[in-house]
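We did not get these values from a lab; they are worked out from the coordinates using the rules stated. In this text the structure is predicted, and so the values were computed from the model without any measurement. Cβ: placed from backbone, ideal geometry, glycine included. Neighbour counts: every protein chain shown.
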Amino acid sequence: MSLHPLPDLLVVADKFRSFAEIQADTVVCNPGSFSNGSFGFHVYLPFERKIEDSAIDLPADR
């Protein structure tokens, strides 16, 4: 697969482990599975070209 021009951000959303890295000046990330119980996701900050991990906190009684 080739992409021209290269994108600023490429999100590979699948069920495998979460990661974020820079390859060939493109931010590549996989937020992982949202439904694995932790409700984790990535937040992209375009000005900083940075990925931050985040999650939804649910009340303990759920």
- Cα atoms only, the chain: Rg and Dmax in Å? 13.8, 49
- Message: Using a 10 Å cut-off around each Cβ, can you sort H4, H42 from fewest to most neighbouring Cβ atoms?
- Response: H4, H42
- Item | segment 7-20 - phi-based ³J(HN,Hα) in whole Hz, Karplus 6.51/-1.76/1.60, Gly and Pro as x | x, 6, 9, 10, 9, 9, 8, 8, 7, 7, 4, 6, 7, 8
- Work out how much length I22 to L10 would gain on full extension: take 0.36 nm times their residue separation and subtract the Cα-Cα distance, in nm to one decimal. 3.3 nm
